[in-house]
Amino acid sequence: MATGTPATTALRAAGVPFEIHAYVHDPRAKSFGLEAAEALGVAAERVFKTLLVDVDGELCVGIVPVTTELDLKAVAAALGGKRARMAEAAAAQRATGYVLGGISPIGQKHAHRTVLDETADLWDTVFVSGGRRGLDVEIAPDDLVALTGARRAAIG
């Protein structure tokens with residue numbers, strides 16, 4: 001199973017420690033994140049989803065555990081905005097270069113202001129998409145923040 005994606009390329013170039021975790025994606029899965037947690041045998045609270053949001057007309061990224069919903073008001077506040085709404089799927093794919101269910105916070109086509117839910121700090125490492133369905137990367141929260149320029153806030 002090939003594991004080369006813009007995310008893994010960016011991770012290797014940055015020289016930060018990470019682990020690749022590949023699994024067979026089931027196209028019938030209702031939740032990509034919960035599927036990953038189950039397939040990888042890790043607590044779902046350690047698996048984070050990457051969501052594109054429109055904050056006052058600017059595309060931004062929110063990263064939250066797959067077990068929670070993104071709090072749009074909290075994301076807007078964390079980024080100094082007034083309103084946030086989920087980005088359209090096509091806009092998210094265009095802006096990141098990734099397909100839905102495989103959007104990684106790392107190695108996106110364009111840089112976006114990013115907020116990481118503070119619960120990531122409960123874990124030594126967390127899992128985020130590696131840039132395609134069926135591929136996650138395990139990374140320390142501090143390294144994820146350093147690579148994405150994320151700020152931490154309670155957004156889940």
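When residues of the range 32-65 are filtered for being farther than 15 Å from Tyr98 by Cβ and in contact with a Phe, Trp or Tyr (Cβ under 7 Å, 6 or more places away or on another chain), how many remain? The total comes to 7. Of all residues in the range 127-146, those that are farther than 15 Å from Thr9 by Cα have Cβ atoms under 6 Å from Cβ atoms of residues that are surrounded by fewer than 20 Cβ atoms within 10 Å (Cβ to Cβ) and hydroxyl-bearing (Ser, Thr, Tyr), 6 or more apart or on another chain, in Gly134/Tyr23; Ala140/Thr125. Looking at this structure, is Leu122 under 14 Å from Gly33 (Cβ atoms), at pLDDT 95 or above and either aromatic (Phe, Trp, Tyr) or surrounded by fewer than 24 Cβ atoms within 10 Å (Cβ to Cβ) (or both)? No; evaluated as a whole, the condition is false for this residue. Using the structure shown, decide if Ala120 is over 13 Å from the mean Cα position of the chain (by Cα) and of a type in the set (A, V, I, L, M, F, W, C). For Ala120, the condition - over 13 Å from the mean Cα position of the chain (by Cα) and of a type in the set (A, V, I, L, M, F, W, C) - is not met. Screening Ile106 against (1) part of a loop (DSSP other than H, G, I, E, B); (2) closer than 22 Å to Gly80 by Cβ; (3) at pLDDT 95 or above leaves a single unmet condition, (2).
The test for being in contact with a Phe, Trp or Tyr (Cβ under 8 Å, 6 or more places away or on another chain) and surrounded by 24 or more Cβ atoms within 10 Å (Cβ to Cβ) does not hold for Asp143.
Scanning the range 123-151 for residues that are of a type in the set (A, V, I, L, M, F, W, C) and in a helix (DSSP H, G or I) gives Leu144, Val145, Ala146, Leu147. The condition of being closer than 17 Å to Ala22 by Cα and among the small types (Gly, Ala, Ser) holds for only one of Gly97, Gly101, that being Gly101. If you go through the range 14-50 and keep only what is surrounded by 15 or more Cβ atoms within 10 Å (Cβ to Cβ), of a type in the set (A, V, I, L, M) and either touching a residue at least 40 places away in the same chain (Cβ under 8 Å) or more than 20 Å from Ala154 (Cβ to Cβ) (or both), you end up with Val16, Ile20, Ala22, Ala29, Leu34, Ala36, Ala37, Ala39, Leu40, Val42, Val47.
Listed by position, the helices (runs of 4 or more DSSP H) contained in the range 1-94 that have at least 2 residues being at pLDDT 95 or above and within 16 Å of the chain's Cα centre (by Cα) are 6-14, 72-78.
The values are calculated or read from the model by the stated rules, or taken from the named source; none is laboratory data. All figures in this text were calculated on a predicted structure; none of them were measured in a lab. For neighbour counting, all protein chains shown are included, and Cβ atoms are generated from backbone atoms with ideal geometry for every residue, glycine included.
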